[in-house]
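Here the structure comes first, spelled out in structure tokens, and everything after it is commentary.
The values are calculated or read from the model by the stated rules, or taken from the named source; none is laboratory data. Bear in mind the structure is a predicted one, so any value in this text is a computation, not a measurement. Glycine gets a Cβ as well: all are built from the backbone with ideal geometry, and neighbour counts include every protein chain shown. Remember, those area values only see protein heavy atoms, side chains included, never the ligands or the DNA or RNA. Shrake-Rupley method; radii C 1.70, N 1.55, O 1.52, S 1.80 Å.
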Amino acid sequence: MKDEKMQSFILHPSSLILFFKVGTMTAQAQAPANRFEPRQGPTVNLDCQLGTVRYSPCGRFLAAGAYDATVRRWEVTDAGFTAMPSLTGHRGWVQALAFHPDRRRLFTADSWGEVRSWTYAERQAPPVRTMAAAHDGWIRDLAISPDGRLLATCGRDQKVRLWSIEDGRKLHELTEHNDDVFSVAFHPDGRSLVSGDLHGNVKQWDVANGRKMREFACRPLFFNAANFEQNVGGVRRLVFDAQGRTLACAGSRARTGGNVQGHPTALLFDWASGQLRHTLVVGDGADGYMYDVAFHATGFLMGVTSGNPGTGKFFFIRPGEQTPFFLSTRMTNCQSLAVHPNGTRLVVAATNAGSNGNGRPLRNGVYAANMSPLHVWDLPAS
Amino acid sequence: MNFKKLCTPLDHRISRRQWLGGVAGTTAGALGLCQPGLAQELRRRRKQVLFVWLEGGLSQLESWDPKPNTLFGGPFRAIPTTVPGIHISELWPRTAQQMRHLAVIRSLHTQDNNHSSGVGRIQRGDPANRGVTYPYFGSAVANLLGPGESGLPPYIWVKPGSGGFVTSDAGFLGPRYGALALGGGRAPENLLRADSVSEEDDRERLALRQLADRRYVQQRRTQGTEANSYVYDMAAQLQRHAHLFNSTTLPARDLERYGPSEFGRHMLLGRRLLEAGVTFVKVDSHGWDTHGDNFNGHSNAVPKIDQAFSAMMQDLADRSMLDNVLVVLMSEFGRTPRINGHIGRDHWAEGWSLVMAGSGIRRGVVVGRTNALGTFVEGDEHDIGHLFHTWFTALGINPSRTRYNNAGQPLPIAHEDMEPIRALLA
């Protein structure tokens, strides 16, 4: 353990001004024990809770979907993160967003069923297109095909939909899920789409005709406690490695309802054979979900977890190994992980400490909301 | 122990009709009431209760008091109901169609946000401390309204998990006012007479046991022995109603309407029990303590409740039973407006909601309100004591005049410092 000077950024509620402060905090990270060990940088504090955070393909912008129906943006420079005006107009939680490969457009979706696209680099950016009723209610995820022609969305209405990005037409409606569909991802070859639902069903679809091609069984990611109405779990994130050889399905091997405690878990499938190759577990049974993962260019899995308030892990783990070779528990309740396109910087959306409590936890006499700090980590180049 | 039934002077201020009824009937003592005429009158009206209990804490923001697109509102939308101006969470589309029968209260501020103590305080009505353990609402109603003519136990609890005779609900009323819990919606174990025992042998065996019980009680009268005898008698009665537990005779249409969930099956059994004349039917659902993943939890659990509850409301309305059956759906508290890092909501007793319907309750109304963020009640706050006054009044029981008789100690049936919420009463 050592003390080091940390610089943090505090965002003014207007989202237009950044304050800088320098303080002393205790860093858990040791001197790098391996060549990929990341080093924690500044923290950007916000006034809202975030769902997903992502870097733009050019790496010059960072965007985050917020629970206050806004999309937060920053311009990223060597000097830090400069807040841009929030994108407004959504009405529900914004948990899903994706940058178009044209390096011009950002697609966002909310919990009221609306999809919007924006020219994200513009300071004032009215929506380019609004699909007001893309789904009936909560859109859980969206993805854009590698060639930029297709948009995939999924939601609480149990539907997966494929849209033409060119004109916004619905091309296919994929209806074989019988429960909430949490996640979608295009294979890097652009010919297949995968979607994952609450019950741990992952389906592969032919994007040309909308036909189901095969299924991947992720049933360990679903749990129903005896005598409980509540179903728990689901495939919370689907991610391919860059070559499209491995599909990671992330979630939790839950063991309780209510508090929802379980083992954050990723199931890694060999894409060619469809066989489950690795089950990666990070955390014990008192933990929660593996909410977000990404493959490093060299093949290991980077991810974040969130469980009972106060818990949370940021980890690197190699397929086939039992324990992460990097693990930080410094951040609480991590929701999302953004990887810079050059692979040397990571941003983790987490939650403030002390976020829970029964009754009336007042701060300075005010019933305050929680918020999601953005933790910046630098990663050695591979 | 003194078994003489004592009444306060107030208890004797009853109408001539009630008095005559009490003289004619001799069961008032058995009901433990100080107002025999009232017991007779209540029996004539045959009030019943359906009490739906969501164990752990239903979120008011994901049910009856949505605050869409606000700081703590969560991801869901609000939807209109069959009553213009009343909106509820989109997770309850079928119940929204039944709103014309329902009354919503959004101004609850209760006193306990712990499960362990809060469940008891809520279901006992949180009366002023009298140094005794008050009965749960089910036991109270079983005592105050009696079993009726059905021959069935007055308080039946359909719940997940294990069953049995739960005497702890009865408090000072004594174990015989406990709940017959049907774990998993199943009939009590060994309810039916074994094939190897003839009907005549069974009858003789029962008579012999009753004789032994009477002789034993003459020497050592206790609430325990009474309850023991009562349970055997109850089992004998239940044997005559074994058909209630035969789900194969349920119409397929009903099974479909109530849904395939365990709660759906239990509500359908609850309807059968009400139709058969059970005074108080409690139906439990577990898994509502959503400290983690609250929104997904409500997203997939609420539809099961919505389907079965709305089907029940429709059936009670179609059968004209809402005139006599009081319906309550509630938890021990609500959930925090603040969303924690596990994307859950914690316990919140300071501004929450529930729904009710039926006997004596106004229909298609909302009473009380919270502020724009849903954090605290604006205007008059209401506690569980107010609701007990309201529900007893709705059942035709005057809570300010009716007293329990706890072995000579007169006790109020609801918190003395509170009164009914008039805006909820028809």
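List of remarks:
- Elements of type strands (runs of 3 or more DSSP E) in region A:130-230, at least 3 residues being open to solvent by 20 Å² or more (accessible area, probe 1.4 Å), under 30 Å from B:Gly57 (Cα atoms) and within 14 Å of chain B (Cβ to nearest Cβ): A:222-224
- Scanning region B:177-202 for residues that are modelled with pLDDT of 85 or more, in a helix (DSSP H, G or I) and over 17 Å from B:Phe137 (Cβ atoms) yields B:Glu200, B:Asp201.
- All conditions but one from (1) free of Cβ contacts under 8 Å to residues at least 60 places away in the same chain; (2) within 26 Å of B:Tyr258 (Cα to Cα); (3) within 14 Å of chain A (Cβ to nearest Cβ) apply to B:Trp92; the one that does not is (1).
- Test: residue in region B:80-89 that is touching a Pro at 6+ places or on another chain (Cβ under 7 Å), touching a residue at least 12 places away in the same chain (Cβ under 8 Å) and hydrophobic (A, V, I, L, M, F, W, C): yes
Yes or no, residue by residue, for (1) in contact with a Gly (Cβ under 6 Å, 6 or more places away or on another chain); (2) under 28 Å from B:Leu268 (Cβ atoms):
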{"site": "B:Asp112", "(1), (2)": "yes, no"}
{"site": "B:Gly120", "(1), (2)": "no, no"}
{"site": "B:Thr133", "(1), (2)": "yes, no"}
{"site": "B:Ser150", "(1), (2)": "yes, yes"}
{"site": "B:Trp157", "(1), (2)": "no, yes"}
{"site": "B:Gly163", "(1), (2)": "yes, yes"}
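- Sole residue being more than 18 Å from the chain's Cα centre (by Cα) and open to solvent by 40 Å² or more (accessible area, probe 1.4 Å), chosen from B:Gln60, B:Gln111: B:Gln111
- Among the residues listed as B:Gly360, B:Gly396, B:Gly385, B:Gly374, the single one being surrounded by fewer than 24 Cβ atoms within 10 Å (Cβ to Cβ) and touching a Lys or Arg at 6+ places or on another chain (Cβ under 8 Å): B:Gly396
- Search result, residues across region B:85-144 that are among the basic types (Lys, Arg) and not in a strand (DSSP E or B): B:Arg94, B:Arg100, B:Arg121, B:Arg124, B:Arg130
- In the condition set (1) open to solvent by 10 Å² or more (accessible area, probe 1.4 Å); (2) under 27 Å from B:Gly264 (Cα atoms); (3) part of a helix (DSSP H, G or I), B:Thr82 is compliant with all but (3).
- Pick from region B:403-426, criterion of a type in the set (A, V, I, L, M, F, W, C) and assigned to a loop (DSSP other than H, G, I, E, B), ranking: surrounded by the most Cβ atoms within 10 Å (Cβ to Cβ): B:Ala414
- Residues (surrounded by 21 or more Cβ atoms within 10 Å (Cβ to Cβ) and within 14 Å of another protein chain (Cβ to nearest Cβ)) located in region A:342-360: A:Val348, A:Ala349, A:Ala350, A:Thr351, A:Ser355, A:Asn356
- One residue from A:Val293, A:Val282, A:Val304 being under 20 Å from A:Asn34 (Cβ atoms), within 14 Å of chain B (Cβ to nearest Cβ), open to solvent by less than 30 Å² (accessible area, probe 1.4 Å) and in contact (Cβ under 8 Å) with a residue 40 or more places away in the chain: A:Val304
- Any hit, region A:145-154, residues being under 21 Å from the mean Cα position of the chain (by Cα) and either aromatic (Phe, Trp, Tyr) or within 25 Å of A:Asn224 (Cβ to Cβ) (or both): yes
- Subset of region B:345-365 (residues that are within 14 Å of chain A (Cβ to nearest Cβ) and either within 21 Å of the chain's Cα centre (by Cα) or modelled with pLDDT under 95 (or both)): B:Ala349, B:Trp352
- With respect to the conditions (1) within 14 Å of chain B (Cβ to nearest Cβ); (2) of a type outside the set (Asp, Glu); (3) within 15 Å of the chain's Cα centre (by Cα), A:Val339 falls short on a single one, namely (1).
- Residue list for region B:157-196, filter: more than 26 Å from B:Val119 (Cα to Cα) and open to solvent by 30 Å² or more (accessible area, probe 1.4 Å): B:Glu189, B:Asn190, B:Leu192, B:Arg193, B:Ala194, B:Asp195, B:Ser196
- Residues in region B:255-270 that are open to solvent by 10 Å² or more (accessible area, probe 1.4 Å) and either in contact (Cβ under 8 Å) with a residue 40 or more places away in the chain or within 14 Å of another protein chain (Cβ to nearest Cβ) (or both): B:Arg257, B:Pro260, B:Ser261, B:Glu262, B:Arg265, B:Leu269.
- Hits in region B:92-109 - residues which are in contact with a Phe, Trp or Tyr (Cβ under 7 Å, 6 or more places away or on another chain) and closer than 13 Å to B:Met330 by Cα: B:Val104, B:Arg106, B:Leu108
- For region B:279-309, the set of residues classified as among the polar types (S, T, N, Q), open to solvent by 10 Å² or more (accessible area, probe 1.4 Å) and more than 9 Å from chain A (Cβ to nearest Cβ) consists of B:Gln307 only.
- B:Phe333 vs. criteria at the interface with chain A (Cβ under 7 Å from one of its Cβ atoms) and either in contact (Cβ under 8 Å) with a residue 12 or more places away in the chain or in contact with a helix residue (DSSP H, G or I) (Cβ under 6 Å, 6 or more places away or on another chain) (or both): no
- Near pairs, Cβ below 7 angstrom, 6+ apart or cross-chain, from region B:159-178 (within 14 Å of another protein chain (Cβ to nearest Cβ) and in contact (Cβ under 8 Å) with a residue 40 or more places away in the chain) to any residue that is assigned to a loop (DSSP other than H, G, I, E, B) and surrounded by fewer than 19 Cβ atoms within 10 Å (Cβ to Cβ): B:Pro160/A:Asn227; B:Pro160/B:Gly184; B:Gly161/A:Asn227; B:Gly161/B:Gly184
- Residues within region A:315-336 that are surrounded by 24 or more Cβ atoms within 10 Å (Cβ to Cβ) and away from chain B (no Cβ under 14 Å), tallied: 1
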